[in-house]
Structures are given as C-alpha cells and as structure tokens.
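Below is one structure, written out as structure tokens, with a few remarks after it.
The values are calculated or read from the model by the stated rules, or taken from the named source; none is laboratory data. Values in this document were obtained by computation on a predicted structure and should not be read as measured data. Positions of Cβ are generated from backbone atoms using ideal geometry, with glycine treated the same way; all protein chains shown enter the neighbour counts. Each accessible area value is taken on the protein alone, full model and side chains, heavy atoms only, with ligands, DNA and RNA left out. Shrake-Rupley method; radii C 1.70, N 1.55, O 1.52, S 1.80 Å.
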Amino acid sequence: MKDFKKRGGKPSASFVVGSVALLFLIIGYQAALFISKASVARIVANHDHPDTVFVYLDPLDSLYSGAAGASLASSTHATLGTVRGGTGAERSEASGGAERSEAVELPELAPAGRSKARRYSSSARDIWRANTKRRYESFRFDPNTVSVDDLMRLGFSQKQAESIDNYRKKGGRFRRKSDFAKSYVVEDSVYRRLEKYIDIPKIDINRADSAAFETLPGIGKFFAAKMVSYRRELGGYSYPEQLMDIWHFDQEKYDGLKDLIKVGPSEPYPLWTLPENELARHPYIDKRAAHGIIIFRENSPVAEWTVGNIIKAGILDPGLGKKLARCKIAPAPSP
C-alpha cells in the first residue's frame, strides 16, 4: 500500500505486464474456441452439403462433336470450380459460372465419364457424427453388411453402431431377424420400427462355397465340404431336401437351417443324352440302372422317355426313382 502511494497511485510494471498477458490469453482462448467451432461447422457442412462440383468431359458426349470436341475429349484433365449454394446444376445455372473461385486440376477421368467419389478422413467423420443432429430413416438393410454410417441413419447412436460392427468383426453373424432383435444395443421400439426393413439374403445352396455353408447353424467344416461335393455329384441341387441324402444330415439338422437356404438356378440333368458310364456316377443311378436306361432309350420311342416309365420298367429302385423324378431333368431330344 505504501509503495502504491509512493508511485502516486500508478500500478507497478509487473501488474501491467501481468494484466496484458492475461488479456492476450483470454483473446487467444476466445480465438481458438471460435476457430474450433468454425472448423466443426465447416466439416459438418462439407459432409451434409459438399460445395465442390466436378466438371469433366465425356468423350462420348454428343454435345462435343467435330474437331473441337475431339480436341477437348482428348484431354484427361479439366478444371474444378468451387460454387456455393444448392446442387451442382442449380448453382451452375444460378451463378452463370460467375461465382467460381480458384481453379485447380481434376484427377484423371474415371471410365465411362464418371468422377471419383469424395473421401473424408476418419477424424472428420467422427467430428461430423458427434456434431450432427441424428435423423432417423427407415430403409431395407442387411445387418451383416450395413455400414456404421447407415446404422446411424437408421437411428442407432455411434456407440451402438460401432458395437454392432465390432460384433461382426469378431465373427458374429445375424442369421435371422430375431438374432438382430436379441442384440443388447437394439431396443424393442427400434426393432419394431425396423423389422420389416431387415433383409438377410438366404444362402443359395447351388452357389455357396464351404465358407458360406459354415455360417449355417449346425454346419461345420465336415458338412460344409460334403454339401459342396454332393452338389457336384448331383450336378446341382434341385430341391433343398436333397441335403438329407448326405450321411448323418438328419431331419433335425435340416429343420435348423431350412428357412435360411434357397435353391438357385442350376443346369438340368441330361438324363437322356449321357453315356452309360456318366449316368452311373449319379447318386440315384447305379451301374445296373445306368445300363437299363441305355437299353430303354434304344428300344423305346422318344415320346415314352420319362422317369415314371423307367420306374415302371423296374430299371430304377422306386425310392431312388421318386427322388430322381423331383430333379430338374433336361427334356428328351427331338426324334
């Protein structure tokens, strides 16, 4: 106090320096806060409303014809202008090309005149997710392949969406809609809203490989390999119950997966044109039956070439004959 009076009521130099430093600190903090908010706003705006218009020439565009068009089309680069507000077409028409900032060089044109998709860093996506108001949508999706971004569009939080994605990365799979409902991050109200949009493709037993078969309940490497090899012997599955022809593939195992599979297209079995040795390789036709079919074809008119007549002739075992009758058989050749 005495020192303050001796200076005639003036603050000390250290006080002034400290005050100025504090003032600059406050201004710097406010500036940093403003820049941070502006950066976040910019990232969100760029994701929601990209302000970049890709301008490129399609060599096949009829608008560019003649020598001038050929000269323009031969260039693999074009300029890129920044146009603000509205869609690319709306902005171009509204501005008449006037509101364009610095021009930069485009990457090489993609095939068929398509521009390359814009990419964002993972950190930018995280900022966008954390600062964008969630918009709930409903659309068809496969919970085994839908992206984290699309899960968030469906109404899940980022944490919930990433939890579903982590479950899949660890080998988890949603075989049925009910499996998705059992996930602890899927609330009952959300599932009720999305149930009719869940689309889990069935496994085509005429196209699937061993790895795909192993995703089915109760099917390990042994049965997966057998399902592939038996398909080869049959020349393609004609109906799903043929899986039960496989050794130890019983009704219980079949019932556990029948709603998860389908029988896709396959080539019909050429019963009426194959030679005897190839006929004998079919699971429903042994060597004796193959020889009998050849004799039947040689001594019967083409109009009588049916699996039913082969069974009546005693050539095929009735049980195996019924199975063969359900198979896709190529029509008999014209007489």
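With a cut-off of 12 Å between beta carbons, the residues surrounding LYS287 carry a summed charge of -1, where Lys and Arg count +1 and Asp and Glu -1. Using equal-weight Cα scatterers in the Debye expression, the normalised intensity of region 122-275 in log10 at q = 0.14 Å⁻¹ is -0.79. Once backbone amide H atoms are built at 1.01 Å from N, TYR284 has no partners under 5 Å, excluding neighbours fewer than 5 places away on the same chain. Cross-link pairs exceeding 30 Å between alpha carbons, from the set LYS226/LYS328; LYS169/LYS202; LYS287/LYS312: none present.
Our note on the geometry: Cα centres of region 180-194 and region 215-279, 35 Å apart. A 1.4 Å probe, protein heavy atoms only, puts the accessible area of VAL228 near 30 Å².
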